[in-house]
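Undergrad: I am attaching a structure below and will ask some questions about it afterwards.
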Amino acid sequence: MKLIRSLPGMRAWTEERRQEGKRIALVPTMGALHAGHLSLIELARRKADLVVVSIYVNPTQFGPKEDLKKYPRPLQQDLQLCREEDVAAVWAPKTLYEKTHSTWVEEDVVSQGGEGAQRPGHLRGVATVVLKLFNVVQPQVAVFGHKDAQQWELVQRVVRDLNVPIQLEAGEIVRDRDGLALSSRNVYLSEKERAAALALPLLLRLAVGRPDAVGWLRRELERAPSLRLDYVEIRNGRLCAAVRVGRTRLLDNVPCGAKQRKI
Ligand code: PAF
């Protein structure tokens with residue numbers, strides 16, 4: 001497996017593989033890989049000849065009071081996992097932005113509500129870095145997770161609207177045995193906080209099929225001990241919720257049979 005740290009290095013690698021006629025799938029990540037990421041890598045392997053995993057903690061998607069500094073960065077462990085998953089190349093750029101960076105991908109519809117309302121600038125940062133990653137790696141396929149439901153919808157919209165020639169695929173949420181959706185941020189949770197966080201997947205499951213699933217879930221999450229509710233919404237056929245437990249923010253969602261927005 002090749003570890004690439006520079007942008008020209010990544011471009012050169014891609015160029016060579018494309019000349020060999022290889023189909024490349026990109027799995028964009030911020031590292032701290034867990035079984036959820038590994039399932040995306042596995043999906044990517046089924047869709048292409050070679051898998052590239054990008055590992056980059058993108059500063060532009062973090063707000064000034066968010067966890068950019070403390071976000072876990074276990075690069076050696078991530079590389080080992082990628083080797084075991086038969087990844088062809090890991091691209092871990094040191095930075096992706098010029099000091100004078102001033103161009104952004106701003107989407108106006110899918111970005112309303114949800115994370116867009118709670119984290120100003122977050123989705124703009126995601127859309128921008130994803131397009132940058134696409135432009136450098138130039139994969140034929142890119143794989144994202146359903147866990148970030150709004151991000152998934154956003155990426156589909158950006159690819160459609162900006163005519164990006166990439167096939168998008170999404171992998172299902174992977175959960176721990178206790179039901180908590182896997183997230184690199186779960187390491188922040190104390191034992192007590194983790195126990196409280198389990199109300200999120202449990203209540204999401206119980207809400208599906210109720211006549212007023214959104215209202216019911218909102219009430220139950222507001223009542224759940226030690227959780228602070230950010231939002232509940234239906235997005236893209238999934239019932240989605242975001243809560244805070246202590247200083248950790250958790251997102252989760254379940255399919256709920258609602259109509260999906262046409263991308
Ligand atoms: O989902 C993530 O890990 C990030 O938002 C992504 C897509 C890698 C962009 O930084």
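The values are calculated or read from the model by the stated rules, or taken from the named source; none is laboratory data. Worth saying up front: this structure is predicted, and the values here are computed from it rather than measured. Here the Cβ positions follow ideal geometry from the backbone for every residue, glycine too, while neighbour counts run over all protein chains shown. With ligands, DNA and RNA removed, areas are computed over all heavy atoms of the protein, side chains included. Shrake-Rupley method; radii C 1.70, N 1.55, O 1.52, S 1.80 Å.
Undergrad: Kindly list the number of the only condition in (1) surrounded by 19 or more Cβ atoms within 10 Å (Cβ to Cβ); (2) within 16 Å of the ligand (Cβ to nearest atom); (3) under 21 Å from ARG23 (Cβ atoms) that fails for ALA88.
TA: (2)
Undergrad: Related question: Would the range 27-36 turn up any residue that is away from the ligand (no atom under 16 Å from the Cβ) and either surrounded by fewer than 17 Cβ atoms within 10 Å (Cβ to Cβ) or among the aromatic types (Phe, Trp, Tyr) (or both)? Spell out the reasoning first.
TA: Of all residues in the range 27-36, those away from the ligand (no atom under 16 Å from the Cβ) come to none.
No, the conditions are met nowhere in the range 27-36.
Undergrad: Considering only residues that are open to solvent by 60 Å² or more (accessible area, probe 1.4 Å) and part of a helix (DSSP H, G or I), look in the range 195-217 and name the one that is farthest from PRO255 (Cα to Cα).
TA: ALA195
Undergrad: So, one more: Spot the failing condition for LYS70; the list is (1) within 12 Å of the ligand (Cβ to nearest atom); (2) open to solvent by 20 Å² or more (accessible area, probe 1.4 Å); (3) among the charged types (D, E, K, R), and only one is missed.
TA: (1)
Undergrad: Further question on the same structure: Against the conditions (1) within 13 Å of the ligand (Cβ to nearest atom); (2) outside any loop (DSSP other than H, G, I, E, B); (3) hydroxyl-bearing (Ser, Thr, Tyr), where does THR14 fall short? Just the number, please.
TA: (1)
Undergrad: Moving on to the next point. Just the residues that are within 16 Å of the ligand (Cβ to nearest atom) and assigned to a loop (DSSP other than H, G, I, E, B), please, taken from the range 48-67.
TA: Once the filter is applied, which keeps residues that are within 16 Å of the ligand (Cβ to nearest atom) and assigned to a loop (DSSP other than H, G, I, E, B), the range 48-67 yields TYR56, VAL57, ASN58, PHE62, GLY63, GLU66, ASP67.
Residue-wise test of (1) free of Cβ contacts under 8 Å to residues at least 40 places away in the same chain; (2) over 20 Å from VAL130 (Cα atoms); (3) of a type in the set (Gly, Ala, Ser).
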| site | (1), (2), (3) |
| --- | --- |
| LEU7 | no, no, no |
| GLN19 | yes, yes, no |
| SER39 | no, no, yes |
| ARG45 | no, no, no |
| SER54 | no, no, yes |
| LYS65 | yes, yes, no |
| TYR71 | no, no, no |
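Here is a yes/no grid of residues against (1) at pLDDT below 95; (2) open to solvent by less than 10 Å² (accessible area, probe 1.4 Å); (3) more than 10 Å from the ligand (Cβ to nearest atom):
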position	(1), (2), (3)
VAL110	no, yes, yes
GLY116	no, no, yes
PRO120	no, no, yes
VAL130	no, no, no
ALA142	no, yes, no
LYS147	no, no, no
TRP152	no, no, no
ARG160	no, no, yes
SER183	no, no, no
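Undergrad: Hey, among GLN167, GLN138, which residue is away from the ligand (no atom under 15 Å from the Cβ), in contact (Cβ under 8 Å) with a residue 60 or more places away in the chain, under 17 Å from the mean Cα position of the chain (by Cα) and farther than 21 Å from ALA241 by Cα?
TA: GLN167
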